[in-house]
Amino acid sequence: LDGIFQMPYGCFEQTSSATYPNILVLDYMRRNKQIKPEIEMKALNFINIGYQRLLSYEVKGGGFEWFGKAPAHNVLTAYGLMEFSDMAKVYDVDPKVIERTRNWLYSKQKGDGSWPPDQGGIAEGAINAFQGATLRTTAYIAWALAESGQSDRQLNKALDYIIRKSDGEDDNYTLALCANAFAAAKRNDEARDFINRLLATKEEE
């Protein structure tokens, strides 16, 4: 497992591609009492470098972008929020970073509880898949907020929007994000409903 640890480099996305696995593996090794002091020191050093690099991509006024240039991107910022929340389990993350990232996301929430997808950014992979998909974007951001420990009226407003807009939704990726959002928010009955909808689409061979 310690072979997974890598030195972070590059933009926000590339830095995360090394830092996030470093976080998850360190957490796993600690919980399973498989960590050695020298390996732990190496992992924490890499995580510290990744943390400092990620902070350098915070946009003035809030949120994150691949290179720290305005405007910030809501989906990338939500990913960062999840990353910082998991990082806080193994590393001393400034709580104000999580708080202001969360507050920035809420400042972009629409009156109906949704987050339309931001335009621009590096449109590839998941970011490209979110273009024009308000339900999918809202589910992802709500999931990130719930994972960060948030539970309040604004989050519930987003979750209620998901319930209203998900009737007839047949995209499995979107349904999975909805399930994750409700599971993280501990609204288990609704999470189970989305999981059952996913199970209903399963094809067995």
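The values are calculated or read from the model by the stated rules, or taken from the named source; none is laboratory data. Everything numeric here is computed off the predicted structure, so don't read it as measured data. Neighbour counts are summed over all protein chains in view; Cβ atoms, including those assigned to glycine, are modelled from backbone coordinates with ideal geometry. The area values use the complete protein model at the heavy-atom level, side chains included, leaving out ligands, DNA and RNA. Shrake-Rupley method; radii C 1.70, N 1.55, O 1.52, S 1.80 Å.
Numerical summary
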read-out	value
The stretch 24-54: trypsin sites (Lys or Arg not before Pro) in DSSP coil with no more than 16 other Cβ atoms inside 10 Å	33
Nearest-0.05 FRET efficiency for residue 17 and residue 56, computed from C-beta distance (R0 22 Å)	0.85
Solvent-accessible surface (1.4 angstrom probe) belonging to residue 29, in square angstrom, nearest 10	10
Chain lengthening between residue 44 and residue 202 when straightened (0.36 nm per residue, less Cα-Cα)	52.8 nm
Long-range amide H partners of residue 64 with built H, under 5 Å	59, 73, 77
Translational diffusion coefficient (Stokes-Einstein; Kirkwood radius from C-alpha pairs) of the chain at 10 °C, 1.306 mPa s, in µm²/s	89
Å² per residue, accessible surface of the chain at 1.4 Å	52
Electrostatic dipole magnitude of the chain [Cβ: Lys, Arg +1; Asp, Glu -1; Cα centre; debye, to 20]	660
Computed FRET value (nearest 0.05) for residue 100 with residue 156, which takes r as the C-beta separation and R₀ as 30 Å	0.90
Carbon/sulfur fraction of accessible area - the chain, other protein chains in place, 1.4 Å, %	49
